[in-house]
Every structure is written in C-alpha cells, then in structure tokens.
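Presented below is the structure to which this report refers.
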Amino acid sequence: MSGKTTNLKALHELTRQDSRGRLMTLETKDDRTLFFDMLPLVFKADSKDGAMNLRVKVFTVPGQVVHASTRKLVLQGADAVAFIADSQISETENNAASFLDLRENLKALGRSMRDVPCIIQFNKRDLTGVRTDLEIDDLALRGKEPVYKASAVHGRGVIESFFGLLEGAWRKLDTVHDLTEKLHIEPDAFLAKAAESLGYPGRWRELSDAHVGGQLKAGRR
C-alpha cells in the first residue's frame with residue numbers, strides 16, 4: 001500500500017476542474033485497489049493548425065502478486081510509468097521486489113526500462129521511520145530514473161511527480177513519432193499549458209526541475 005490510489009485522488013483534487021474527468025476507482029473493503037483506478041485528463045495545446053485537446057489516461061494497478069496479470073495488461077499500452085515506493089525503512093525489501101517485478105513484467109512484454117519513461121516517487125514522507133532525504137538523494141544519483149519525494153495524503157509532491165511522468169512521456173513520443181513536426185506543437189509550449197492546468201501557471205520549468213537525479217532533462221530539444 002505505497003499510496004498509488006491516494007496519489008491519483010490528490011491529482012484529481014489538485015488539477016483544474018476543466019482539465020479533469022471523473023475518477024474511477026474500485027477498492028476492496030480494506031481500501032486496497034481491486035482492479036485499477038483510472039483518471040482521464042485533458043490538456044489544451046496550441047499548434048499552427050489551431051487549438052488541440054490532448055487526452056491522457058492515468059491508471060493505477062494493484063501491487064499484490066495475485067494481480068500480476070492486471071499489471072501486465074496496463075503496462076502493455078503504457079507510454080510512461082510511475083513507480084510509487086513507500087519511504088518507510090520497513091518497506092525497503094518490498095519496494096525492491098516490486099521494482100524487480102516491474103522490470104520483469106516489461107521484459108515479458110518485450111519492453112524495457114530503457115524505452116519506457118519511468119519516474120520514481122518516494123511517498124509517505126510525512127511518516128516516522130522513513131528513509132532520510134540524504135539516503136533517497138544518494139539512491140537517485142545512482143539510478144537513471146528521476147526521483148520525487150512526496151506525501152500524497154497531504155498533496156505534496158503529487159503534481160511534481162505527475163508532471164515528470166507527463167514530460168517523460170511527451171518527449172519520448174515526440175522522439176519516436178515526431179509530434180512536433182506532425183502536430184505542430186512545440187514541447188515547451190505544451191508543457192507550459194499543462195502546468196497551467198495543474199495549478200502552476202508560468203512555472204513549468206519549476207515542475208520540470210523538481211526531481212533528484214535521473215535523465216528527464218536529457219530529452220529536451
């Protein structure tokens with residue numbers, strides 16, 4: 001229970017009303033995700049051909065072993081992945097096992113961490129018994145994925161994490177499908193518009209730089 005559904009609920013609350021759809025969530029009696037949660041978002045973008053609406057669907061999937069097939073199904077069509085880790089020291093082994101499971105699921109689908117943009121969020125920073133900021137910074141500098149610190153239950157770090165995910169997905173799709181040329185949408189202009197919808201008007205670079213470590217910036221043109 002690292003806080004995936006809590007992140008999605010916070011994202012729904014923090015996103016501007018005209019940019020968010022209805023949050024769909026299926027939970028068991030103990031508040032664990034039963035199948036998946038889904039939040040549709042719409043971001044406006046200006047192009048040479050006029051205004052466009054770009055639709056984004058954000059899914060969460062359960063972490064339990066019994067739901068491995070669900071994770072694979074969602075991963076198959078994912079443009080980017082956010083790995084939500086629990087900051088509590090007691091959850092270190094579970095985090096490692098879940099991250100390995102993510103790698104193995106991607107491999108089984110003929111994909112890899114190299115071609116799927118991924119961000120890591122260390123959630124539950126508000127609790128006691130968590131890994132220190134210094135430990136997380138050190139982990140981030142040794143890895144390739146951008147790392148974010150969050151307390152989703154308080155709405156902290158949620159927008160920053162999602163924006164990193166969105167930017168990674170957009171820049172990867174732009175590289176593969178040449179969106180700038182085909183849709184006539186400049187990446188920076190799109191990200192600036194998205195930041196407005198997320199409550200950060202004129203501050204998209206602040207969101208873009210909110211991570212520790214990682215290679216998110218490497219894709220900028």
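Some observations on this one:
- Any chance residue 136 is in a helix (DSSP H, G or I), touching a Gly at 6+ places or on another chain (Cβ under 7 Å) and in contact (Cβ under 8 Å) with a residue 60 or more places away in the chain: no
- Beta carbons closer than 9 Å, at least 6 apart along the sequence or on distinct chains, pair a first residue in segment 69-87 that is more than 13 Å from residue 164 (Cβ to Cβ) with a second that is charged (D, E, K, R) and outside any loop (DSSP other than H, G, I, E, B) for 71/101; 79/172; 85/91; 87/149.
- Within segment 102-114, not a single residue is of a type in the set (Ser, Thr, Tyr) and under 18 Å from residue 25 (Cβ atoms).
- Unmet criterion (only one of (1) surrounded by fewer than 16 Cβ atoms within 10 Å (Cβ to Cβ); (2) more than 26 Å from residue 2 (Cα to Cα)) for residue 185: (1)
- Test set (1) part of a helix (DSSP H, G or I); (2) over 21 Å from residue 197 (Cα atoms); (3) at pLDDT 95 or above; (4) not polar (S, T, N, Q) - residue 170 fails condition number: (2)
- Apart from one condition, residue 109 fits all of (1) touching a helix residue (DSSP H, G or I) at 6+ places or on another chain (Cβ under 9 Å); (2) within 22 Å of residue 6 (Cβ to Cβ); the exception is (2).
- Total residues in segment 114-139, condition over 14 Å from residue 85 (Cα atoms) and surrounded by 17 or more Cβ atoms within 10 Å (Cβ to Cβ): 2
- Count of segment 33-79 residues which are part of a helix (DSSP H, G or I), at pLDDT below 85 and surrounded by fewer than 14 Cβ atoms within 10 Å (Cβ to Cβ): 3
- Residue in segment 105-115 that is among the basic types (Lys, Arg), touching a strand residue (DSSP E or B) at 6+ places or on another chain (Cβ under 6 Å) and not in a loop (DSSP other than H, G, I, E, B) present: no
- No other residue among 210, 218 is at pLDDT below 95, out of contact with any Leu (no Cβ under 9 Å at 6 or more places or on another chain) and either in a helix (DSSP H, G or I) or surrounded by fewer than 23 Cβ atoms within 10 Å (Cβ to Cβ) (or both) apart from 218.
- Some residue of segment 140-148 being exposed (fewer than 15 other Cβ atoms within 10 Å of the Cβ) and without any contact (Cβ under 8 Å) to a residue 60 or more places away in the chain: no
- Pair list, Cβ under 7 Å, 6 or more apart: segment 184-210 residue under 18 Å from residue 10 (Cα atoms), other residue in a loop (DSSP other than H, G, I, E, B) and among the aromatic types (Phe, Trp, Tyr): 207/200
- Exactly one residue among 104, 135 is over 24 Å from residue 167 (Cβ atoms) and modelled with pLDDT under 95, and that residue is 104.
The values are calculated or read from the model by the stated rules, or taken from the named source; none is laboratory data. Everything quoted here is computed from the prediction, not taken from an experiment. Counting neighbours? That spans all protein chains shown, and the Cβs are built from the backbone with ideal geometry, glycine included.
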